[in-house]
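The values are calculated or read from the model by the stated rules, or taken from the named source; none is laboratory data. Values in this document were obtained by computation on a predicted structure and should not be read as measured data. Neighbour counts are summed over all protein chains in view; Cβ atoms, including those assigned to glycine, are modelled from backbone coordinates with ideal geometry. Heads up: the accessible areas ignore ligands, DNA and RNA and are worked out on the full protein's heavy atoms, side chains in. Shrake-Rupley method; radii C 1.70, N 1.55, O 1.52, S 1.80 Å.
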Amino acid sequence: MDNPLWQRDFQVSQFIAEAKQHLKVAMQPIADASTGEAIAYEALVRGVDKLGFAHPGELFNHAYTQGALMELDTLLISGALKIHAELRKSHWSLLFVNVDGRLLERWAELGDFLCQELKLHSLRPLDLCIELSETHQPLSPTDFAAAVEGLRKFGFLIAVDDFGTGNSGMQMLYQSSPDFIKIDRFFIESMPDDPKKRLLVTSISDLAHTLGARVIAEGIETVEELRACREVNSDLVQGYLVARPSLDLSDFSPVYETVSSTYARPHDPTGAGAIGALIEDVAVLSENDSIQDLIDLLLLRTEQSVFPVIDRHGMPRGAVRETDVKPLLYSQFGRDLADNPTTSLSLMDYVRPIATIESNTPFAPRLEFIAEKAGDGVIITKSLRYEGYLSSAALLKLSNDLRIKEASSQNPLSGLPGNQAVQAFLNSCVNDTEIRRILSYIDIDNFKPFNDKFGFEIGDRALLHMASILKTFEREYGLFVAHIGGDDFFVGAEGKKCDSAETLLDTLNAEFSHSAQQFYGQSDIDAGYIMGSTRDGQQRRFPLLGCTVALLELRQGHRPDGTEVLTQALGALKSEARTKGDAFLHEIIGKNRDIMPDNQRSA
């Protein structure tokens with residue numbers, strides 16, 4: 001027989017009393033991936049062991065079985081809001097709170113409670129972001145979408161937590177239209193060394209930005225992981241590298257140097273100036289504006305078809321399209337409805353997501369994707385705040401300009417980046433020294449006599465074969481590869497990718513010389529050489545195609561005097577390798593050790 005109601009109420013009251021006594025709320029910062037600015041804090045429960053639970057999941061499962069889940073969640077959120085109100089006295093930030101999916105069927109009750117609590121602390125619904133995950137999600141897709149829409153109408157922001165770890169993440173993304181997507185640490189922890197994970201997270205990031213959502217990378221613990229997250233265009237980062245969760249407010253800072261000190265703006269062929277010049281002077285609406293305000297703007301700004309909408313903090317909430325409002329604007333009673341304050345019609349009813357991207361994000365790698373998908377243009381932000389708007393026409397112009405720049409900087413034969421991209425990589429070696437780097441000069445051996453004998457068509461095929469091998473390095477290992485010109489190539493690597501680069505480049509001569517035999521006749525292969533002319537016209541034997549690799553390693557913390565120093569060192573190293581007959585020569589430059597001794601160099 002079930003417990004009588006009084007006994008159940010007693011058990012809930014006793015459980016909540018114990019929770020009040022033992023549970024604490026810790027905060028963990030969520031920082032801008034470039035500047036290190038504290039954009040938000042996530043509330044995390046601590047002290048569950050004092051109630052006899054091994055982890056928070058056990059605690060919430062017990063509360064659910066006791067019928068006390070709402071009481072527990074609201075208790076913890078109330079505590080988090082009190083702490084966050086104190087944090088907001090020193091700097092602006094959002095608060096992220098986890099809401100158990102089993103409470104979504106009571107979304108209206110939850111929303112009313114949150115609004116009351118926010119008001120007590122002089123906060124507003126848009127200051128709060130509700131994190132939802134696939135865990136314990138009992139609602140049907142239709143009911144889930146209705147619950148999320150209901151929470152949105154209260155004004156709360158929505159985040160999808162642990163994205164990519166469950167079976168229905170894409171469905172949640174579609175149904176919730178979140179403001180934030182949090183990438184689980186499963187993808188982050190080995191991303192610097194795992195090209196497949198980088199590709200997946202890049203795709204998620206592109207999709208999120210196209211839908212107007214921001215990407216938060218969770219569980220960042222190393223500088224290498226932070227850099228990898230920047231490469232895949234994460235907007236925000238969270239984890240031990242930024243700061244550990246803490247109960248002490250004095251532990252927190254408006255800016256985290258562990259993030260900002262490692263940031264160096266990536267080379268972007270579009271140029272920041274080009275983007276700034278194309279940002280349009282458009283009218284921007286506030287989420288508190290009325291339908292009548294929108295109609296007034298439509299009549300005043302007849303040339304504008306998309307109107308960005310921002311909240312009081314300057315964060316974009318989406319955009320209103322002229323096409324969506326036309327039925328109201330030109331209907332018989334549309335103006336009357338807009339003028340009537342008693343109708344429930346509001347501006348936010350017409351706001352829909354729009355592609356959004358941070359100004360620090362290199363536009364070039366994403367531009368083709370953005371230009372194709374963002375038919376309504378794209379909002380540019382800085383630290384999540386509205387910075388400007390680019391129309392689809394501006395995106396198209398930028399895309400065309402970029403194609404022209406890329407065509408001029410690429411090698412016309414191989415399609416690999418050329419000297420301009422190599423120079424940008426060398427600049428990063430000088431300007432950002434907080435990471436280990438590898439620079440490698442690759443020269444195809446005996447190419448001239450080969451080209452003279454077999455002709456430029458076969459010679460080009462040999463060059464394209466080397467380019468194909470290097471493109472594999474780029475695709476599968478994330479290395480930077482370029483074609484300097486003729487038979488000269490370049491490979492660069494950063495951080496943990498340097499380990500892969502060393503291994504691949506050490507065996508490059510063996511791989512290339514073996515596969516290049518396809519360009520010879522069997523008699524040449526059997527002989528092991530071809531006859532050709534020297535520069536003074538003398539006939540002599542030339543070995544079959546191979547390559548010489550000069551590898552220069554820059555240790556973390558070493559700052560070269562300039563890029564010329566690096567190019568001269570690479571040239572000297574290649575000449576030394578030629579003189580010694582080494583296919584692979586490795587030199588280290590860095591703290592306490594400028595050059596690797598000869599007996600530690602590998603051939």
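Give a residue-ordered list of calculated ³J(HN,Hα) values for the range 83-95 (Karplus: 6.51 cos²θ - 1.76 cosθ + 1.60, θ = phi - 60°; whole Hz; x for Gly, Pro).
Here the 3J(HN,Hα) series is 5, 5, 4, 5, 4, 5, 5, 9, 6, 5, 6, 9, 10 Hz.
Could you tell me which of the pairs Lys453/Lys580; Lys50/Lys182; Lys24/Lys50 are separated by over 20 angstrom between their Cα atoms in the structure shown? Mind showing how you got there, number by number?
Working: Lys453/Lys580 27 Å; Lys50/Lys182 29 Å; Lys24/Lys50 11 Å.
In this structure, Lys453/Lys580; Lys50/Lys182 exceed 20 Å between Cα atoms.
In the neighborhood of Trp107, defined by Cβ-to-Cβ distances under 15 Å, what is the net charge if each Lys or Arg adds +1 and each Asp or Glu adds -1?
-4
Heavy atoms only, 1.4 Å probe, whole protein assembly: order Arg555, Arg214 by accessible area, highest first.
Of Arg555, Arg214, the descending order of accessible area is Arg555, Arg214.
Based on the mean of other Cβ atoms within 10 Å per residue, sort peptides 69-80, 576-587, 532-543, 231-242 so the most packed one is first.
Per-residue mean Cβ counts within 10 Å order the peptides as 231-242, 69-80, 576-587, 532-543.
Decide, for the range 385-495, between rounded, prolate and oblate: order the square roots of the alpha carbon gyration tensor eigenvalues as a ≥ b ≥ c, take rounded if a/c falls under 1.5, and otherwise choose prolate if a/b is larger than b/c, else oblate.
Note, shape of the range 385-495 comes out oblate.
Efficiency by 1/(1 + (r/R0)^6): what FRET value for Thr507 and Asp536, r their Cβ-Cβ distance, R0 = 35 Å, to the nearest 0.05?
Rounded to the nearest 0.05, the efficiency is 0.50.
Quick one: accessible area per residue over the chain, 1.4 Å probe, rounded to a whole number of Å²?
Dividing the accessible area of the chain by its residue count gives 46 Å².
Mean residue ellipticity at 222 nm from the helices of the chain, using -39,500 (n - 2.57) per DSSP H segment of n ≥ 4 over the full residue count, to the nearest 500 deg cm²/dmol? Working shown, then result.
Details: 23 runs with 262 residues, N = 603.
Helix-only estimate at 222 nm: -13500 deg cm²/dmol.
Relative contact order of the chain: what whole-number percent is it, with Cα pairs under 8 angstrom and at least 6 residues apart?
10 percent
Just the C-alpha atoms of the chain: what Rg/Rh do they give, with Rh taken as the Kirkwood radius?
So for the chain, dividing Rg by the Kirkwood Rh gives 1.07.
Keeping the other protein chains in place, figure out the carbon and sulfur percent of the accessible area of the range 11-88, with a 1.4 Å probe.
50 percent
Which of the peptides 47-54, 383-390 is most tightly packed, and how do the rest follow, going by the mean number of other Cβ atoms within 10 Å of each residue?
Most protected by this proxy first, the peptides run 383-390, 47-54.
Report the Rg/Rh value for the range 134-216, based on alpha-carbon coordinates and the Kirkwood definition of Rh.
1.00
Whole Å is fine, so just give me how far the alpha carbon centre of the range 279-294 lies from that of the range 103-128.
Result: 26 Å between the Cα centres.
Let me cross-check Thr302: its accessible surface, 1.4 Å probe, with only protein heavy atoms counted, in Å² to the nearest 10?
100 Å²
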